[in-house]
1. Evaluate the following for residue 81: is it surrounded by fewer than 18 Cβ atoms within 10 Å (Cβ to Cβ), in contact with a strand residue (DSSP E or B) (Cβ under 9 Å, 6 or more places away or on another chain) and modelled with pLDDT of 95 or more?
2. If residue 94 satisfies all but one of (1) surrounded by fewer than 21 Cβ atoms within 10 Å (Cβ to Cβ); (2) touching a Leu at 6+ places or on another chain (Cβ under 7 Å); (3) not hydrophobic (A, V, I, L, M, F, W, C), what's the number of the condition it fails?
3. Quick one: which strands (runs of 3 or more DSSP E) sit completely within the stretch 117-214 and have at least 1 residues that are modelled with pLDDT under 85 and open to solvent by 30 Å² or more (accessible area, probe 1.4 Å)?
4. Just to be sure before I move on: is residue 51 basic (Lys, Arg) and under 22 Å from residue 126 (Cα atoms) in the structure I sent?
5. As an exercise: evaluate residue 2 against (1) touching a strand residue (DSSP E or B) at 6+ places or on another chain (Cβ under 8 Å); (2) modelled with pLDDT under 95; (3) not charged (D, E, K, R) and give the number of the one condition it does not meet.
6. Which residues, taken from the stretch 19-34, are among the β-branched types (Val, Ile, Thr) and modelled with pLDDT of 95 or more?
7. Name every residue in the stretch 33-52 that is open to solvent by 10 Å² or more (accessible area, probe 1.4 Å) and either touching a strand residue (DSSP E or B) at 6+ places or on another chain (Cβ under 8 Å) or touching a residue at least 24 places away in the same chain (Cβ under 8 Å) (or both), in order of residue number.
8. What about residue 29, is it closer than 25 Å to residue 175 by Cα, of a type in the set (Phe, Trp, Tyr), buried (at least 23 other Cβ atoms within 10 Å of the Cβ) and touching a helix residue (DSSP H, G or I) at 6+ places or on another chain (Cβ under 9 Å)?
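The values are calculated or read from the model by the stated rules, or taken from the named source; none is laboratory data. Nothing here was measured: the structure is a model prediction, and the numbers come from that model. Cβ sites come from the backbone with ideal geometry, for glycine too, and all protein chains shown count toward neighbours. Heads up: the accessible areas ignore ligands, DNA and RNA and are worked out on the full protein's heavy atoms, side chains in. Shrake-Rupley method; radii C 1.70, N 1.55, O 1.52, S 1.80 Å.
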Amino acid sequence: MSSTPLYVSNPEQWLDETVKGDMVGLVIFRGSWCKFDRYYLRKLGQFIKHKRENGEAIKLIAWTSGGAQDAKKADEEWGLTKDCGYSEVIGDETAALAKYMIEDELLPNLVIVKDPKTEANLRDLPNDSYPNGLVMAGQVWWAHRGTVCFEWTSKVEPPSYGGPYRPDPAFVFEQVQKRKHALEHGNAVMPAHGNDLKMCAGEMEVNAAGCSIL
């Protein structure tokens, strides 16, 4: 019988143990069905993988409230750990990690929608999906002994309902590096909040992702 993962049973301890590296990114995605997530997670991962190959010490983790099986499906179909530099892709239907990050104000504006069909305009999702709510896209980055250096959460509002918009990978990395440098050199006043949003893909690229739900 498998034991409950620490990010489910004790999210605080899991985060404490996970973010001790030189630079750690946690990316929250909606699920294996989302073509925007597929495009963005691959793009971000390949960008970070390139930086790692050039000597940067970076750990990248993807998490979804779709559960462990959905996380495994996304990893296998999108090649996240195999081709895109992710150290792990994890999921939890209880959304314990997301709830902790909201309560602890790591990601205070992270959105959990109880009824994805109406609240996020995802009408094609099965009725039994996300029994504890769908956690929308977000990410948080740590550096310099576990200090938050960047955070971003999607806004669930019409017309896109948080679907296509994600922070540009180059912008994310630049902000983390700037914050990290400021912390290491005693100038920690730079804000950690990101706001440079771009469409994560053009229409042709999104359609090529082969998913039916926006």
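1. Values: surrounded by fewer than 18 Cβ atoms within 10 Å (Cβ to Cβ): yes; in contact with a strand residue (DSSP E or B) (Cβ under 9 Å, 6 or more places away or on another chain): yes; modelled with pLDDT of 95 or more: yes.
Considered against the rule, which asks whether it is surrounded by fewer than 18 Cβ atoms within 10 Å (Cβ to Cβ), in contact with a strand residue (DSSP E or B) (Cβ under 9 Å, 6 or more places away or on another chain) and modelled with pLDDT of 95 or more, residue 81 comes out as yes.
2. It fails just one condition, (2).
3. Numbers: elements: 138-143, 147-153, 165-167, 197-199.
Because the criterion is at least 1 residues that are modelled with pLDDT under 85 and open to solvent by 30 Å² or more (accessible area, probe 1.4 Å), the strands (runs of 3 or more DSSP E) in the stretch 117-214 that meet it are 197-199.
4. Numbers: basic (Lys, Arg): yes; under 22 Å from residue 126 (Cα atoms): no.
Here the answer is no, as residue 51 does not meet what is asked.
5. (1)
6. Filtering the stretch 19-34 for residues among the β-branched types (Val, Ile, Thr) gives 19, 24, 27-28.
Within the stretch 19-34, 24, 27, 28 meet the criteria.
7. Quick first cut of the stretch 33-52, residues open to solvent by 10 Å² or more (accessible area, probe 1.4 Å) only: 33, 35-36, 38-39, 42-43, 46-47, 49-52.
Matches in the stretch 33-52: 33, 35, 36, 38, 39, 42, 43, 46, 47, 49, 51, 52.
8. On the way: closer than 25 Å to residue 175 by Cα: yes; of a type in the set (Phe, Trp, Tyr): yes; buried (at least 23 other Cβ atoms within 10 Å of the Cβ): yes; touching a helix residue (DSSP H, G or I) at 6+ places or on another chain (Cβ under 9 Å): yes.
When the stated conditions are applied, residue 29 passes them.
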